[in-house]
């Protein structure tokens, strides 16, 4: 093999390695679906929670975002998930990837780039093991939406 062929081969291999590592670094966060109480849904890539308490589905600072009261549930986009929660609940529901469920008010300690920390019943946990977060909505919230 000539020196010229060897150099060309090395450059091609390096270019492929550089391009593939660059592509995998972009958008490597977990995607989520935001299911709204009106029955529609939007994809969040990445899911974030702004300082004003609104959930956003992108990194665009101009995005209006979604109030918690407008969201029925959040669903992780992973290969295998347990069945999605249905029905109405008096308390927030967390469904874990393994299918276990936990009820109680969910608060978000942090949520950025689709990862974060939530607290339920005094227990702090990361979103890694969470498949769904279904929000409970009071009758007062439902009445406000109808007015």
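A few points about this structure:
- Residue count, segment 81-96 (criterion: more than 17 Å from residue 32 (Cα to Cα) and either in contact with a helix residue (DSSP H, G or I) (Cβ under 7 Å, 6 or more places away or on another chain) or modelled with pLDDT of 95 or more (or both)): 2
- Within segment 105-120, the set of residues being over 20 Å from residue 37 (Cβ atoms) and not in a strand (DSSP E or B) comprises 113, 114.
For (1) in contact with a strand residue (DSSP E or B) (Cβ under 6 Å, 6 or more places away or on another chain); (2) modelled with pLDDT under 95, each residue gets a yes or a no:
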| site | (1), (2) |
| --- | --- |
| 79 | no, yes |
| 98 | no, yes |
| 105 | no, no |
| 108 | yes, yes |
| 112 | yes, yes |
| 120 | yes, no |
| 133 | yes, no |
| 139 | no, yes |
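- Residues of segment 24-83 that turn out to be over 17 Å from residue 134 (Cβ atoms) and assigned to a strand (DSSP E or B), as a count: 3
- Search result, residues across segment 57-77 that are surrounded by 15 or more Cβ atoms within 10 Å (Cβ to Cβ), without any contact (Cβ under 8 Å) to a residue 40 or more places away in the chain and touching a strand residue (DSSP E or B) at 6+ places or on another chain (Cβ under 6 Å): 57, 65, 66, 70
- Selection count, segment 84-120, where residues are over 19 Å from the mean Cα position of the chain (by Cα) and either surrounded by 12 or more Cβ atoms within 10 Å (Cβ to Cβ) or touching a residue at least 40 places away in the same chain (Cβ under 8 Å) (or both): 6
- Selection within segment 121-132 - surrounded by 12 or more Cβ atoms within 10 Å (Cβ to Cβ) and part of a strand (DSSP E or B): 125, 126, 130, 131, 132
- Subset tally (residues that are in contact with a strand residue (DSSP E or B) (Cβ under 6 Å, 6 or more places away or on another chain) and part of a loop (DSSP other than H, G, I, E, B)) for segment 85-96: 3
- Scope segment 33-49; condition surrounded by fewer than 19 Cβ atoms within 10 Å (Cβ to Cβ) and at pLDDT below 90; matching residues: 45
The values are calculated or read from the model by the stated rules, or taken from the named source; none is laboratory data. Model, not experiment: these values are computed from the prediction. Because the Cβ atoms are built from the backbone with ideal geometry, glycine has one as well, and the counts that use them run over all protein chains shown.
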